[in-house]
Every structure is written in structure tokens, then in C-alpha cells.
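Colleague: Have a look at this one before I ask anything.
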């Protein structure tokens, strides 16, 4: 706590960097994973190849993946963001596909009987009911991105990992603890916000789906 009070502006600057990297990575990951998850819910035979490929990236150690990307993208934010996007795909794609696939077929048939088009059925029936599962994947991916962004400081991406690595190299325990504490706080706040959003959207969209 003493280190945080004495170095508030520097810690805040690194915290903003950390959140920017993690936030951008999560946004790009969702934009890629959501269409793929929808595709898998429609074309089931693609599930194995797509999830298998995403699983390969997920199992590569983070530093090894960063090292593989550095010759292509250099140091800094670009390889960090790409690595975090790749790591997030398995969770996001799987949760999106499962959430949509587990919607009761009877409800979809009822919507079809009411004359809804495929697009209307998707947005007014399937997606509202799939929201809790999809957002559960987003929560997991967000927590992972915030944690892995810490390691990305090793390749010059910035963020709170700078405090931790500097503290380790100088045997400054307070600095290491300060960085770890702030990273944990960011992860907890992000998860709380997403949990509240998940609960709110789950209840509202669920009511809308039944009303449809």
C-alpha cells in the first residue's frame, strides 16, 4: 500500500495501459469468436476442426506464443493483442456455440410457426436465451486476458506487469505486491461488472424471448 500511495500517477498510467490492452484484445476476440460460434451452432461438423484449432493455440505457453509472434509483429502491443485474441477463442467460440445450440428446439419451432424469419428467430428467441452462457464465456476470457497482459510486459507491451518485473529484478517486494494487487483488483471489478450485466441481460432478454 505504501508503494501505491507514493507512486500513484505511475501506477495509474500503467493501469490504464493494462486495461487498454486487455479491453482491445477482448473486443477483437469477441468480434471474431461470435460469428464462429454461431456458425458452429448451424454447421455441427465444423465443431471439431474449429475448436481443435482454437485448442491448439490455447495450450501453447504464453511466453512461447509471444516468442513466435515477435519475428512477425515485433515487440510491443501488436503481438500481445494477437496472442490474447488467440487465447480467448476457445472459450468464446465454445460458449457461443453451446449457448445457441442448447436453446429448446420447441421454442424455435414455435417462433417459426408464428411466421418469424430466420433472422428474427435468431435475434428474438435464440440469442436472448443464449446470453447467459455467452456472457459466461466473456467473463472467463476477460479474466484470462487481464492476467496474461501482465506477462506481456516482458515483451515491451507495458501495463502493470512492468511493476512486477521491475520489482522482481530489483528485489523490491512492495513493487511486486502493488502490481499484483492492482491487477487482481481490475480483474475482480471487470468480473463483477460482467456478472451484473449477465444477470440483467439474462432476465430482460429471457422475458423478451418468452414474450416473442
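Colleague: Relative to the longest principal axis of the C-alpha atoms of the chain, give the angle of the C-alpha long axis of helix 8-42, reported between 0 and 90° and rounded to the nearest 10°.
Modeller: With both axes taken from Cα atoms, the answer is about 30 degrees.
Colleague: Could you put 151, 164 in order, starting from the residue whose Cβ has the fewest other Cβ atoms within 10 Å?
Modeller: 151, 164
Colleague: Over all pairs of distinct alpha carbons, what does the Kirkwood formula give as the hydrodynamic radius of the range 74-158, in Å?
Modeller: Radius from the Kirkwood sum: 14.8 Å.
Colleague: Okay, next question. Per the helix-only calculation at 222 nm, which mean residue ellipticity applies to the chain, given -39500 (n - 2.57) for every DSSP H run of n ≥ 4 and division by its residues, nearest 500 deg cm²/dmol?
Modeller: Taking each H run of at least 4 residues, the total per residue is -28000 deg cm²/dmol.
Colleague: Sort 176, 81, 193 so the one with the fewest other Cβ atoms within 10 Å of its own Cβ comes first.
Modeller: 193, 176, 81
Colleague: Could you tell me what % of all Cα pairs in the range 54-121 have separations over 15 Å?
Modeller: On the way: 1465 of 2278 pairs.
More than 15 Å apart: 64 percent of the Cα pairs in the range 54-121.
Colleague: Next up: Please state the relative contact order of the range 75-212 as a whole percent: Cα pairs under 8 Å, 6+ residues apart?
Modeller: 30
Colleague: Relative to the longest principal axis of the C-alpha atoms of the chain, give the angle of the C-alpha long axis of helix 173-211, reported between 0 and 90° and rounded to the nearest 10°.
Modeller: It works out to around 10 degrees.
Colleague: Working only with C-alpha atoms, what are the Rg and Dmax values of the range 83-212, expressed in angstrom?
Modeller: Just the Cα atoms of the range 83-212 yield Rg and Dmax of 20.2, 69 Å.
Colleague: Could I ask something else about it? By average Cβ neighbour count within 10 Å, what is the ranking of 85-96, 7-18, 39-50, 128-139 from highest down?
Modeller: Packing proxy ranking, top to bottom: 85-96, 128-139, 7-18, 39-50.
Colleague: Sticking with this structure for a sec: With all distinct Cα pairs included, what does the Kirkwood hydrodynamic radius of the range 1-54 come out to in Å, to one decimal, could you say?
Modeller: After inverting the mean inverse Cα-Cα distance, the result is 14.0 Å.
Colleague: Please arrange 149, 140 by counting, for each residue, the other beta carbons lying within 10 Å of its beta carbon, fewest first.
Modeller: 140, 149
Colleague: Roughly what angle does helix 47-59 make with the longest principal axis of the chain, taking Cα atoms, 0 to 90 degrees, to the nearest 10?
Modeller: Approximately 10 degrees, to the nearest 10.
Computed from the coordinates by the stated procedures, all read-outs in this text should not be read as laboratory data. Owing to the predicted nature of the structure, the values given are computational and were not obtained by experimental measurement. Neighbour counts are summed over all protein chains in view; Cβ atoms, including those assigned to glycine, are modelled from backbone coordinates with ideal geometry.
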